[in-house]
1. With the cut-off at 18 Å, report for the stretch 872-948 the share of all Cα pairs above it, as a whole percent.
2. If I take the Cα coordinates of the stretch 132-182 and project them onto the principal axes, what are the three extents in Å, biggest first?
3. How far is helix 816-838 tilted off the main Cα axis of the chain, in degrees rounded to 10, range 0 to 90?
4. Separation between the Asp428 and Lys443 pseudo-spin-labels, each 7 Å from Cα along Cα→Cβ, expressed in nm?
5. Scan around Val589 for amide H atoms under 5 Å from its own, H built in the peptide plane at 1.01 Å from N, and keep only partners 5 or more places away or cross-chain.
6. Where does the stretch 271-312 land on the Kirkwood hydrodynamic radius, alpha-carbon pairs, in angstrom?
7. In the chain, what % of DSSP beta bridges are antiparallel (nearest 5)?
8. Quick check on the chain: helices-only [θ] at 222 nm, where DSSP H runs of length 4 and up contribute -39,500 (n - 2.57) each and the sum goes over total residues. Nearest 500, please.
Amino acid sequence: MVEPVPESINFPSEEEKILKLWQEKDCFQECLRQSKSRPKYTFYDGPPFATGLPHYGHILAGTIKDIVTRFAHQSGFHVDRRFGWDCHGLPVEYEIDKTLGIKGPEDVAKMGIAEYNKQCRNIVMRYANEWEISVKRMGRWIDFKNDYKTLYPWFMETVWWVFKQLYDKGLVYQGVKVMPFSTACNTPLSNFESNQNYKDVQDPSVIVNFPLVENEDVALIAWTTTPWTLPSNLALCVNPEFLYVKVKDNATGKTYIMMEARLGALFKAENEYTLLDKFPGKTLKGKKYKPLFQYFAKCGEKGAFQVVTDNYVKEEEGTGVVHQAPYFGADDYRVCTEYNIIQRDQTPICPVDASGCFTSEVTDFAGQYVKDADKNIIKWLKEKGRLVNASTFKHSYPFCWRSDTPLIYKAVPSWFVRVENKVDKLLDNNGKCYWVPEFVREKRFGNWLRDARDWAISRNRYWGTPIPLWVSDDFEEVVCVGSMAELEELTGVKVTDLHRESIDNLTIPSRRGNGVLRRVTEVFDCWFESGSMPYAQVHYPFENRKEFEDAFPADFIAEGIDQTRGWFYTLLVLSTLLFGKPPFKNVIVNGLVLASDGQKMSKRKKNYPDPGLIVQNYGADALRLYLINSPVVRAENLRFKEEGVRDVLKDVFLPWYNAYRFLVQNVQRLQKEEEIQFLYNENTVKQSDNIMDKWILSFTQSLIQFFKAEMDGYRLYTVVPRLVKFVDMLTNWYVRTNRRRLKGESGTEDCLWALETLFSVLFSMCRLMAPFTPFITEMMYQNLRHLIDPASVEEKNTGSIHYLMLPQVREGLIDKRIESAVSQMQSVIELGRVIRDRKTLPVKYPLKEVVVIHQDPEALKDIQSLQKYILEELNVRQLTLSTDKDKYGIRLRAEPDHMVLGKRLKGAFKAITASIKELTSEQLEAFQKTGSIMVDGHELHEEDLRLMYTFDQSSGSAAHYEAHSDSQVCFISCTNLPSTVNTYLCLHSDYDV
């Protein structure tokens, strides 16, 4: 029996009731059971860390995933949805280091890796319960019991298998590479990690002199913002093609060599120096200079402390002479290697430890943190007469994404996966993926792929999946292990866990009789683990082999735009290297959710409302719809505003709820007063001959058609605005104009037609909106289902709206002519309301006449068919239809499109605007037919002008009328008659402009 619907509603408390219903009926699992035999739709969930609480970015991505997977289920697919957890890596270790006061590897060694990893394991799921509560409260259906965690031994075993495939293909190598390095976390970072957190900082800026050996009175001068790298200087680099000068500093009498284009870096005016000579940079090549420090003076015997040349030296900053510290700069390393100043296999000259402190080799500054040592090094340079200039320099600098401390660039031995030689294949596979929005594939992600570098996959850390390489002391013998069984066979020890404390002590006998092989100390970068999740989450290839291969690549994934350099990238790299194919078919990329002022959301600044309070005050459905009906689903940024969530309740949910309530009220009235039992059966319902019934049914079917096409294209940003507009059409047009019929004032048969129509539309709407707003649709359905004839339902179990399939398009109900006619009617009514507002004429005052002018007689017939609604809504006594616009003084006028024309014409825009406004109605009518017009020598087209219909104020009766128009219609109302009863409204709808 259908229950009465209360006048007021608290959406959050109703959602709590629905959550209990879902829990009692085990609705999510029931959905999975019902769909078990259907075709599979594969979805991968990117794993978050549980060391922090979920924020709006997580809620947004989770909502997108929930909408698409619910839609797939309702479209006839079986969709497994498993939650995943990222459990290893810096986020966890950094929390432990902070808590326990761990400063570096020595502290971990004292504690022991077993104890350190035990501490990490204890906090890794710190907020797991809060995550599960938050995700479920947002209405997202996903399996937490059958989850995957990157710390599960079976997950780690597949990561080993992935690595062994790459190793066996010759795609793994060890090398020394200058990499972004986090001194707070004691580990190198990959390029995409280092790009995640840039900040504007003030750094020291120094110019230092390097006297030539051949003439110590002449010195090259080099500029740097990292004085701490100067103790490791081994060369100076100039551009071979640019011009350099020898100048005398008139204030000090000293002679310097620098790039001509950079003289302004040292001198403010030409009279501050005397030009002595000018020459191309290549003439300096090979010149020797006096080293700054003596720490590595022996390197001079191997070619250090000379001038080298390379085109990477630019003329935009510095002095045009770049100091080379090859183990602290990627270009420095490359150039010095090319000049044999260093060799790839030599011991690095890198006197900075993992905590960023100088080692004992740099005797003057040993033990000092490099950034702190800058001021002491500058002081030393000044005392030794090597400092030419010191100031500060503001620039953008990378910070560690986890510790928020400055990164340094430092040479570290690392294990790499070859990516650079696979760029073409990566781009080819990327081209096979469907991206929404598309520009991310070609621009942001495509550009990142084109510049892809070999991937440093090792981390000098503890809490992670150990790299499964066992090596001899001389690294001549290497064994790559690809499974737990293989490790047991090679070591003779039973293995149950793969973390460092469980396997670091295991050795493998040498096949060459060279003692034993020991595991290398590094662990995998946690991005390698998350990139392996398609395979590791199902323990492939050790289990589920056929199931995985049948369902790979995934049908769908979704994450934020920041993952173009993270998870999207690692997924693509590994699937390309393993299988030569992309890892997913479709991907939605969302933008970032910012604070209302456009700044990043910050816990410290407290510049955003708590997500839990938003849900508590407005409900999850309102937050979901607000986020999805915004630019953020087009990979643009959203400035989060609480009032936007509130407006969803006011503008969408309350009108929708009131339409539902109105339906139930009148169904109950029919049962009580007429003793007619209302039961809806789509198959036996009689076709209504009411034009508004036909319109809303047609409009609904057109919406279903559009909805399916756009959702199949993953374009959520086109779907939601149409759904929201549909609520307006239903409540403000259909229900409003048919209230009397629905109340039974026009007879029982007509009332039944109207009620059946309204029920049909609300039921279809609930099924369409169910993936987007799962709570309110369930709430309505649980009551409306009692009005459905059981004989008309195909599904066996109808206990939840989410068990039902999406409605099929009933093309026989689509009538575009009626939709167009009602659209015309709405334009008439809306413009009539504008004129009433302008003249402060309330609707209760009747008007005598409205005139509608249109050149198409068929359009006039359409409007005629809706005459009673126009007269009723505008409170007008007579509707006059005409094709003669001249009789009523209707003229065309034009306005320039300021955005389009202003950008194109620039300075000429102001003059041409005046000329556009002078164009006659006849000229504009010709323009409508041809699509182009010449104005002041410029050819203008349809996109350049906006045409409007207006009343010709120069006509004889102009003083008597009031006019208003949009691009299609023009109203004219009489203003000087003594009574508002005699006021006229005139509408003109000639062409679609």
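1. Value for the stretch 872-948 (Cα pairs over 18 Å): 48 percent.
2. Projected onto the principal axes, the Cα atoms of the stretch 132-182 cover 48, 28, 16 Å.
3. Approximately 90 degrees, to the nearest 10.
4. So the two model labels end up 2.8 nm from each other.
5. The answer is Val436.
6. 12.7
7. DSSP beta bridges in the chain are roughly 70 percent antiparallel.
8. -11000 deg cm²/dmol
The values are calculated or read from the model by the stated rules, or taken from the named source; none is laboratory data. The shown structure was predicted, so the numbers you read here are calculated from the model rather than taken from an experiment. Cβ atoms come from the backbone with ideal geometry, glycine included; neighbour counts cover every protein chain shown. Accessible surface areas use protein heavy atoms only, side chains included; no ligands, DNA or RNA. Shrake-Rupley method; radii C 1.70, N 1.55, O 1.52, S 1.80 Å.
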